[in-house]
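Let me begin by presenting the structure, written as structure tokens, before commenting on it.
The values are calculated or read from the model by the stated rules, or taken from the named source; none is laboratory data. Small disclaimer: the values here were computed from a predicted structure and weren't measured. Ideal geometry is used to build each Cβ from the backbone, glycine not excepted, and the neighbour counts take in all protein chains shown.
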Amino acid sequence: MSFYMTYLARWPDYFQVAEGPCNRVMGYIMGKVEGQARIRNYRRVLRYYSGEEDGLDMRKALSRDVEKKSMIPLKWPIRPDELEYDSI
């Protein structure tokens, strides 16, 4: 069995297919598994995706953010309109 078929058999949830008219495949996405991720610096953003599903605001500090203020996680969830995009 090929690598991709083995991957699909093991992790079917990581594949998505977009179908067009007449059920023709128009595109696909294959996710990647890289072990267990440990996300520590994030903020939960309520109803971020289409106003229904929560998202995670994950940030990595740039070199000019010496104090790493952009990576400070909040202990409470926020709404999309509370996200700040100001430069440091």
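Would you say GLU84 is outside any strand (DSSP E or B) and at pLDDT 80 or above? Judged against the criteria, GLU84 is not a match. Looking across region 1-25, just one residue is of a type in the set (Phe, Trp, Tyr) and either exposed (fewer than 10 other Cβ atoms within 10 Å of the Cβ) or in contact with a Cys (Cβ under 8 Å, 6 or more places away or on another chain) (or both), and that is PHE3. What number of residues within region 33-60 satisfy the criterion of being in a loop (DSSP other than H, G, I, E, B), modelled with pLDDT of 80 or more and of a type in the set (A, V, I, L, M)? Residues flagged as in a loop (DSSP other than H, G, I, E, B), modelled with pLDDT of 80 or more and of a type in the set (A, V, I, L, M) within region 33-60 amount to 0. For region 1-21, a residue qualifies if it is in contact with a strand residue (DSSP E or B) (Cβ under 9 Å, 6 or more places away or on another chain) and closer than 14 Å to GLY31 by Cα, and the qualifying residues are TYR4, TYR7, LEU8, TYR14, PHE15, GLN16, VAL17.
The residues in region 1-31 that are among the charged types (D, E, K, R) and modelled with pLDDT of 90 or more can be counted, and the count is 2.
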